[in-house]
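> The structure's right below; bear with me while I get my questions together.
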């Protein structure tokens, strides 16, 4: 993890680097940090409903360590997961962090006593959440912080100027190295970029949810990463006869095809598929390496269009 903001972010995507070749997709330059395009999303490590501790703490720690041992250099988390539980698991499993590991977190939403996700985007809320992440992850500077907009139903129109200006101030103070956005509209992306540079956008996107097709391509042209959350459908797992047919023809699983499609969709797409199982982690890595033919891609593209 980094402790300063003195480097100038690179704008050139990379397909080579120190990450093991076994990880599918190669690498991408996220700001000034090279990361594997196959990353790990840690949300599932909290208890049911993303609240409280995991039923299997040792298993949660094991899968985090297994991800890093496999070569993953991009882990996604949030102080809202637990709350704080997942950050604390990451710290217990991986601190002191390898120099090449980038941990991305999110601010802008909290948890209430009923397990809801109320928004918390006032300047004082964001400052407190950043301080909480610094404490629970055990670092002086957060590598990447995504400002989460919208709500549990998806992006919502409206200005993010006050909230994102606060994030830019925290960056200038040295508490945050790079900034990103989550759950946003294309208009909000443009507004944020008029205030300060961003290195990624994290929105819901998968084979069946294709609202951001144009945004993915626009960001790719500017060397900004696009990080799909719920790459496999989330709480409503992807189901499609076309997906199943391509998987059967390829001799693999629908999950593998859905992940490999995302990696082949655009070079700026970074995967953060999550799991609580070491075996499932390795299955996801192997599955994402599946090479799709032009016919496969054409059939899969029809699902979301």
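The values are calculated or read from the model by the stated rules, or taken from the named source; none is laboratory data. Remember, predicted model here, so these are calculated numbers, not experimental data. FYI the Cβ positions are ideal-geometry reconstructions off the backbone, even for glycines, and counts take in every protein chain you see.
> If a residue must be touching a strand residue (DSSP E or B) at 6+ places or on another chain (Cβ under 7 Å), assigned to a loop (DSSP other than H, G, I, E, B) and within 30 Å of residue 34 (Cβ to Cβ), how many such residues does the stretch 117-148 contain?
1
> Does the stretch 256-281 hold any residues that are assigned to a helix (DSSP H, G or I) and either farther than 22 Å from residue 28 by Cβ or touching a strand residue (DSSP E or B) at 6+ places or on another chain (Cβ under 8 Å) (or both), and which are they?
We begin by selecting, within the stretch 256-281, every residue assigned to a helix (DSSP H, G or I); these are 256-265, 278-281.
Of everything in the stretch 256-281, those that are assigned to a helix (DSSP H, G or I) and either farther than 22 Å from residue 28 by Cβ or touching a strand residue (DSSP E or B) at 6+ places or on another chain (Cβ under 8 Å) (or both) turn out to be 259, 262, 263, 278, 279, 280, 281.
> Another question, if that's okay. Is the stretch 21-43 home to any residue that is in contact with a strand residue (DSSP E or B) (Cβ under 6 Å, 6 or more places away or on another chain), assigned to a loop (DSSP other than H, G, I, E, B) and either over 26 Å from residue 198 (Cβ atoms) or at pLDDT below 50 (or both)?
The answer is no; no qualifying residue exists.
> With more than 19 Å from residue 230 (Cβ to Cβ), at pLDDT 95 or above and within 16 Å of the chain's Cα centre (by Cα) as the only criterion, which of 101, 89 stands out? Break it down stepwise before answering.
On the way: 89 fails: within 16 Å of the chain's Cα centre (by Cα).
Residue meeting the stated conditions: 101.
> For the stretch 186-207, what are the residues that are part of a loop (DSSP other than H, G, I, E, B) and surrounded by fewer than 18 Cβ atoms within 10 Å (Cβ to Cβ)?
Listed by number, the residues that qualify are 194, 195, 196, 197.
> What pairs come up if the first residue lies in the stretch 119-139 and is on the phi < 0 side of the Ramachandran plot and surrounded by fewer than 16 Cβ atoms within 10 Å (Cβ to Cβ), the second is at pLDDT 95 or above and not in a loop (DSSP other than H, G, I, E, B), and their beta carbons are under 6 Å apart, counting only those six or more places apart or on different chains?
123/166
> Can you tell me how many residues within the stretch 227-249 are surrounded by fewer than 18 Cβ atoms within 10 Å (Cβ to Cβ), touching a residue at least 24 places away in the same chain (Cβ under 8 Å) and over 15 Å from the mean Cα position of the chain (by Cα)?
3
> Something else now. Could you tell me which residue of the stretch 56-79 is surrounded by the most Cβ atoms within 10 Å (Cβ to Cβ), considering only residues that are touching a helix residue (DSSP H, G or I) at 6+ places or on another chain (Cβ under 8 Å) and in a loop (DSSP other than H, G, I, E, B)?
The extreme case among them is 78.
> Just to be sure before I move on: is residue 160 within 19 Å of residue 30 (Cβ to Cβ) and touching a residue at least 24 places away in the same chain (Cβ under 8 Å) in the structure I sent?
So residue 160 fails the test.
> Consider residue 224 against the criteria (1) in contact with a helix residue (DSSP H, G or I) (Cβ under 8 Å, 6 or more places away or on another chain); (2) under 25 Å from residue 261 (Cα atoms); (3) crowded, with 20+ Cβ neighbours inside 10 Å: it satisfies all of them except one. Which criterion is unmet?
Answer for residue 224: the failing condition is (1).
> Collect the residues in the stretch 271-292 that are free of Cβ contacts under 8 Å to residues at least 12 places away in the same chain and farther than 19 Å from residue 86 by Cα, keeping them in residue-number order.
Residue satisfying the conditions is 279 alone.
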